[in-house]
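The values are calculated or read from the model by the stated rules, or taken from the named source; none is laboratory data. Since we're looking at a predicted model, the values are computed, not measured. Note that each Cβ is placed from the backbone with ideal geometry, even for glycine, and that neighbours are counted across all protein chains shown.
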Amino acid sequence: MPLDKIKTAVIWILLSFLFFSPSVNPSPEDGLPRRIVSLGSTLTEELYLLGAGDNLIADTLYCQRPPQAKLKEKVGTIIAADLEKIVSLKPDLVLATSLTNPAVKEKLKNLGIRVVDFPLARNFQELCGHFVELGKVVGKEDAAKKIINSSREKIEALKKKIQGLPKPKVFMQMGANPLFAVTKDYFLNDFIEFAGGINIAAQAKSGLYSREEVIRQNPDIIIITAMGLLAEKEREQWFTFSGLNAVKNSRIYVMDTYKLCGPTPVSFVEALEELIEIFHPRS
């Protein structure tokens, strides 16, 4: 075989071991992961809440909280994870979400890398269940349960504080073009109900919604969860509908998309407190 072809073959063999070797770092005797890759921003934040942030070796470009997460090695985005980069880091655990490319998850598993999938929570109860499951996976179950209990106690106290107050009609908007509303099948509905509001889109068959339907329902409050300039543009557009109660009383608000759409049990409470202030400003 010519020397150049031999060199090429050797290079490919070395690359295959570097990127596609099924072996991973052996787990310590306690079986707990020490080299974690997180493919979800909420999962990353939750690892730090549990005290497992030191075991996180990489996350995605969207993982911005807490600040320490920004300093970790990046393995692409939540939707488009870099398979070769992940494998090269030799993780003993990859935390995936329902947004992670299924092909990436399957290839990681085939390479002998443990992948734990966390689907999107449909309500606060499921959010708590996923958090406890994450605690079990990383050996922090007791810490997870303690945090959950604290969050639940705070939520119950907040509910008692607003008990008996009038319930405003609320439209919570996610994105635009097309307009997307929060229905009862999405955990954001719990935000509205826990904060003492009535979700005008709760019974909608899908999240796709029209401005005409919003106008017909005539909400007292509109919450926009889009980001940046898009959010401000949407807010300005709603103010052109002068007949809406939310417009008449200047009750159209833009809220932190990160906090509302990807909450941890702790940030769920923080966002709920903000919503209660909006729904019941004199409570």
Working only within segment 77-115, note down all residues that are touching an Asp or Glu at 6+ places or on another chain (Cβ under 8 Å) and within 19 Å of GLU45 (Cα to Cα).
ALA96, THR97, SER98, THR100
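Each row is one residue, and each column tells you yes or no for (1) assigned to a loop (DSSP other than H, G, I, E, B); (2) crowded, with 16+ Cβ neighbours inside 10 Å; (3) without any contact (Cβ under 8 Å) to a residue 40 or more places away in the chain.
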residue	(1), (2), (3)
SER242	yes, no, yes
ALA246	no, yes, no
SER250	yes, no, yes
TYR258	no, yes, no
SER267	no, yes, no
GLU270	no, no, yes
GLU273	no, no, no
ILE278	no, yes, no
PRO281	yes, no, yes
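Residue-wise test of (1) modelled with pLDDT under 95; (2) over 18 Å from the mean Cα position of the chain (by Cα); (3) exposed (fewer than 14 other Cβ atoms within 10 Å of the Cβ).
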{"residue": "THR8", "(1), (2), (3)": "yes, yes, yes"}
{"residue": "VAL24", "(1), (2), (3)": "yes, yes, no"}
{"residue": "GLY31", "(1), (2), (3)": "yes, yes, yes"}
{"residue": "THR42", "(1), (2), (3)": "no, no, no"}
{"residue": "ILE57", "(1), (2), (3)": "no, yes, no"}
{"residue": "THR60", "(1), (2), (3)": "no, no, no"}
{"residue": "GLN64", "(1), (2), (3)": "yes, no, no"}
{"residue": "GLN68", "(1), (2), (3)": "no, no, yes"}
{"residue": "ALA81", "(1), (2), (3)": "no, no, no"}
Per the list (1) over 30 Å from LYS136 (Cα atoms); (2) modelled with pLDDT of 95 or more; (3) not charged (D, E, K, R), residue check on GLY207 breaks on (2)
Going through segment 140-151 in order, the residues found to be touching a residue at least 24 places away in the same chain (Cβ under 8 Å) and under 19 Å from ASP117 (Cβ atoms) are LYS140, ALA144
Flag if ALA144 is aliphatic (A, V, I, L, M) and not in a helix (DSSP H, G or I):
no
If we keep only residues of segment 160-178 that are closer than 13 Å to ILE223 by Cβ and part of a loop (DSSP other than H, G, I, E, B), then the residue modelled with the highest pLDDT is PRO168
